[in-house]
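Notes follow once the structure below has been shown.
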Amino acid sequence: MATRVNMTFDETLLIRIDDEAKKMGLSRSAFVAVAVNQYLMQIDNVQAVKDVKSMLDKLERLTQFNIDD
C-alpha cells in the first residue's frame, strides 16, 4: 500500500532527481522509491557480507582448533 509523504529536498538534489527520473522514464516518486530501495538493499548486502566473514572466521578458528589437537 502506498502512503503519501511530504519531503523537502535541496533544489540542486531535486533537479538531479528529476533529471535521472526523466532519463529512466519514471515519476519523481517512483525514482525516489527505487533509489531508496536500492540503498536499503545495499545496506542489507553489506551486512550479509559481514555475517559471512564472521562465520568464515569462526569456522577457521574451529578448524585450527581441531587440527592442532
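The values are calculated or read from the model by the stated rules, or taken from the named source; none is laboratory data. Quantities reported herein were computed from a predicted structural model and do not represent experimental measurements. Cβ coordinates were reconstructed from backbone atoms using ideal geometry, including for glycine residues, and neighbour counts include every protein chain displayed. Just the protein is used for accessible areas: all its heavy atoms, side chains included, with ligands, DNA and RNA removed. Shrake-Rupley method; radii C 1.70, N 1.55, O 1.52, S 1.80 Å.
Quick look at the values:
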{"read-out": "Which numbered condition Thr3 misses (of (1) part of a helix (DSSP H, G or I); (2) open to solvent by 100 Å² or more (accessible area, probe 1.4 Å))", "value": "(1)"}
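Rundown of residues vs (1) part of a helix (DSSP H, G or I); (2) open to solvent by less than 70 Å² (accessible area, probe 1.4 Å); (3) closer than 30 Å to Thr3 by Cβ, yes/no style:
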position	(1), (2), (3)
Asp18	yes, yes, yes
Val34	yes, yes, yes
Gln42	yes, no, yes
Asn45	yes, no, yes
Val49	yes, no, no
Val52	yes, no, no
Glu60	yes, no, no
